[in-house]
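Novice: Quick one: structure below, then a few questions.
The values are calculated or read from the model by the stated rules, or taken from the named source; none is laboratory data. Just so you know, these numbers come straight off a predicted model, no measurement behind them. Methodologically, a virtual Cβ is constructed for each residue, glycine included, from the backbone with ideal geometry; neighbour enumeration extends over all protein chains shown.
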Amino acid sequence: MTEPSRVLYALARDKLIPKVFGLINKKHQTPWAALLILAAIPPALLIPYLVNSSANHAIGDIISSDGMIGLFMYFVVACASVWFYRDHLKHSASKLIMLGVIPVIGGLFMGVDFFYGLSNQASVVRVVAVVILVIVFGLGFLIRGVRPNSPYFAEIKERRAQGIKGSDESGRTHNT
């Protein structure tokens, strides 16, 4: 719950989601509201399911669905990383391998595992994993449509207007 709460904090800080997710505990400097909200979601979703199924079976389905979502997340992260570093790939063979080939291989492996899992998992696992992914991506597009002028998107627009300059390890500046 640590990572998701900090992601929610960053989204709230950039005014992409309600600012309640960005409330910080003064003593511990942790996003307490995001942690509390994230802690309430699993029981709220799990209790109705447990009423209709055995706990052992329900927990197995939840773990399988979570694994499917994790596979897809790593597939997307690998593809996004290669896309982000696409300009750096042409600078040297080592960068091509480290920033391009290895992440693509790993990401494709996770993508194949995800799609293979969709064909072999129980229908409830497939449905839950796909529904959650659709909701998450849908929320991403909704946030983009509702908050197009947030600091996050404003910075991207500003960097694009300036030519999106980046630098490699040697300090050379180039377009990314």
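Novice: Just checking, how many residues over segment 119-154 are assigned to a helix (DSSP H, G or I) and either touching a residue at least 12 places away in the same chain (Cβ under 8 Å) or not β-branched (Val, Ile, Thr) (or both)?
Specialist: Filtering segment 119-154 down to residues assigned to a helix (DSSP H, G or I) leaves 119-120, 123-146, 151-154.
With either touching a residue at least 12 places away in the same chain (Cβ under 8 Å) or not β-branched (Val, Ile, Thr) (or both) added as a condition, the list becomes 119-120, 123-126, 128-130, 132-133, 137-145, 151-154.
Of the residues in segment 119-154, 24 are assigned to a helix (DSSP H, G or I) and either touching a residue at least 12 places away in the same chain (Cβ under 8 Å) or not β-branched (Val, Ile, Thr) (or both).
Novice: Find all pairs meeting these conditions: Cβ atoms under 7 angstrom apart; at least six residues apart or on different chains; first residue within segment 1-25 and not assigned by TED's automatic domain parsing to the domain that holds GLY70; second residue of a type in the set (Asp, Glu).
Specialist: Within 7 Å, no pair qualifies.
Novice: Would you confirm whether or not segment 94-108 contains a residue that is of a type in the set (S, T, N, Q) and under 30 Å from LEU45 (Cα atoms)? It would help to see each step written out before you state the result.
Specialist: As a first pass, look at segment 94-108 and keep what is of a type in the set (S, T, N, Q): 94.
From what is left, the residues that are under 30 Å from LEU45 (Cα atoms) are none.
No, there is no match, as no residue in segment 94-108 is of a type in the set (S, T, N, Q) and under 30 Å from LEU45 (Cα atoms).
Novice: Of the numbered conditions (1) farther than 30 Å from ARG160 by Cβ; (2) surrounded by 11 or more Cβ atoms within 10 Å (Cβ to Cβ); (3) assigned by TED's automatic domain parsing to the domain that holds ILE156; (4) not charged (D, E, K, R), VAL77 satisfies every one except a single condition; which is it?
Specialist: Only one criterion is unmet by VAL77, namely (1).
Novice: Something else about it: Check THR30 against each of (1) in the same structural domain as ILE135 (by TED's automatic domain parsing); (2) among the polar types (S, T, N, Q); (3) touching a residue at least 12 places away in the same chain (Cβ under 8 Å) and name the one condition it does not meet.
Specialist: For THR30, the failing item is (1).
Novice: Now for a separate question. Please specify each residue of segment 104-144 satisfying the condition of being among the charged types (D, E, K, R) and touching a Leu at 6+ places or on another chain (Cβ under 6 Å). Let's see the steps before the verdict.
Specialist: Start the filter on segment 104-144 by keeping residues that are among the charged types (D, E, K, R), which leaves 113, 126, 144.
Result: ASP113, ARG126.
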